[in-house]
Amino acid sequence: MKANSPKEVAGQPGSSTLTAGVAGSVKPSRGSAEMRYAIRDVLQVAQQAREAGKRIIPLNIGDPLQFDFSTPVHIIEATYQAMLAGRNGYAPSSGVGEAIEAIRDDAGRQGIENIQDVFVTSGSSEAIEIALASLLNPGDNLLIPSPGYPLYEAALAKFGCEGVPYYLQESNGWQPDPDEIARSINGRTRGIVVINPNNPTGAVYSREVLSGILELVARHGLVAFSDEIYSKLVLDPIPAISLASLAPELPVVTFNGLSKAYLVPGFRIGWGILSGEGKNVADYQEAIGKMLRVRLCANHPQQFAIRPALEADQGHIPPMIEKLRRRRDLIDSLLNSIPGISCVRPQAAFYAFPRLEIAETDHEFVTDLIQETGVVVVPGSGFGQQPGTNHFRMVFLPPEETLRQALHSIGAFAKSRRSLGCRE
């Protein structure tokens with residue numbers, strides 16, 4: 001008997017549904033509808049400006065290798081030698097032994113004690129997602145700084161959890177206020193995120209503020225997540241205190257990596273360090289281990305760059321800091337000379353978060369700025385900000401002459417908007 005084709009049986013009970021044209025459009029997840037990443041979203045506007053003939057000055061992404069910085073040769077050599085030695089298969093899920101040992105030793109130099117676990121990941125971003133996924137259930141919430149790095153809010157959307165913002169105090173050098181954080185804690189709160197040094201403001205938190213946050217962690221039985229990826233790029237003579245070093249008994253997950261200080265963002269090598277009383281974090285540690293095993297491992301040969309990066313020649317860091325300090329001083333002076341723009345002086349990293357006194361939104365300001373000048377910055381709303389305020393984030397990685405050109409364009413654009421009485 002001749003078999004019926006899908007077309008002949010379509011619509012009959014038990015028949016195939018592979019008939020052409022029957023399938024409807026594929027609906028994406030609700031979580032994806034909430035996804036925003038302003039740092040790269042502005043590139044669509046930049047591409048339009050480029051096509052219109054504008055020269056693009058990219059001040060949106062914190063990638064030093066786009067400018068006049070280069071990876072230390074011994075870090076590249078370590079990876080190359082690992083590949084030649086055949087380290088190209090799967091690695092242990094938590095990371096290779098010598099890398100974990102080097103991370104533990106470096107953490108000890110930062111004053112972190114009572115370390116229960118170290119795990120190597122594909123950038124610190126993966127460490128963050130694994131640590132959050134191992135703790136949170138749908139409906140839980142996490143306190144996150146505003147302004148802060150947008151990955152946290154995006155990850156929480158994936159997990160069906162809420163990010164509750166606590167606002168950094170611009171009038172106090174972008175320091176958090178532990179009293180305000182305390183008012184945001186409720187029965188669904190599982191932890192507090194601390195980004196120190198902060199992205200996007202460049203603020204370095206005081207010991208008093210960090211101690212106040214840890215008091216809340218202890219009082220409410222929370223987990224602290226301390227993002228310290230810029231801890232070795234402090235531009236002022238002040239300490240970048242590791243949160244976990246102040247309370248070895250409390251559960252703290254510290255995030256760091258090679259991307260920024262060691263100039264290999266494309267290696268995607270980061271890590272998490274779980275510290276605290278062993279009996280209190282044992283179940284959480286096992287949950288992290290399960291998550292790590294499911295995703296197999298981080299990049300294998302690049303893990304052999306961790307020990308030489310952390311323990312060998314650090315000679316590239318002082319000149320890098322000095323170069324960034326000069327550029328910070330330049331943009332601090334130029335930004336604060338523009339009417340309608342003010343900026344708290346960054347203390348670390350390579351970002352500034354200027355405030356705009358405008359009648360429009362920061363998103364409108366940035367979109368028009370890119371289209372009219374080619375200078376690419378990011379709306380402050382992409383990082384969070386106090387209601388009723390407007391900001392933008394810019395990197396100060398480019399050479400001084402490029403920064404002068406960019407700030408001249410921003411100043412002329414801002415002056416033009418004010419003289420036209422834009423939206424007033």
### Task
Select from the range 308-365 the residues that are of a type in the set (Asp, Glu) and under 24 Å from the mean Cα position of the chain (by Cα) and write down the one among them that is surrounded by the most Cβ atoms within 10 Å (Cβ to Cβ).
362
#### Entry: Residues located in the range 203-225, provided they are under 29 Å from residue 237 (Cβ atoms), in a loop (DSSP other than H, G, I, E, B) and not hydroxyl-bearing (Ser, Thr, Tyr)
203, 204
### Task
Taking only the range 60-100 into account, find how many residues are under 26 Å from residue 273 (Cα atoms), of a type outside the set (A, V, I, L, M, F, W, C) and crowded, with 16+ Cβ neighbours inside 10 Å.
11
### Task
Select from the range 216-245 the residues that are among the hydrophobic types (A, V, I, L, M, F, W, C) and in contact with a Lys or Arg (Cβ under 7 Å, 6 or more places away or on another chain) and list them in ascending order.
222, 223, 229, 233, 235, 241
### Summary
With the first residue restricted to the range 262-283 and required to be crowded, with 22+ Cβ neighbours inside 10 Å, and the second required to be acidic (Asp, Glu) and assigned to a strand (DSSP E or B), Cβ contacts under 6 Å at 6 or more apart or on different chains are 274/117
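Please work out if residue 3 is out of contact with any Cys (no Cβ under 9 Å at 6 or more places or on another chain), over 21 Å from residue 394 (Cβ atoms) and at pLDDT 95 or above. Step through it out loud before you land on a result.
Working: out of contact with any Cys (no Cβ under 9 Å at 6 or more places or on another chain): yes; over 21 Å from residue 394 (Cβ atoms): yes; at pLDDT 95 or above: no.
Here the answer is no, as residue 3 does not meet what is asked.
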## Note on the structure
Reported set for the range 292-345 where residues are part of a helix (DSSP H, G or I), outside the structural domain of residue 357 (by TED's automatic domain parsing) and of a type in the set (S, T, N, Q) is 302, 303
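The values are calculated or read from the model by the stated rules, or taken from the named source; none is laboratory data. In this text the structure is predicted, and so the values were computed from the model without any measurement. We place every Cβ from the backbone using ideal geometry, glycine too, and count neighbours over all the protein chains shown.
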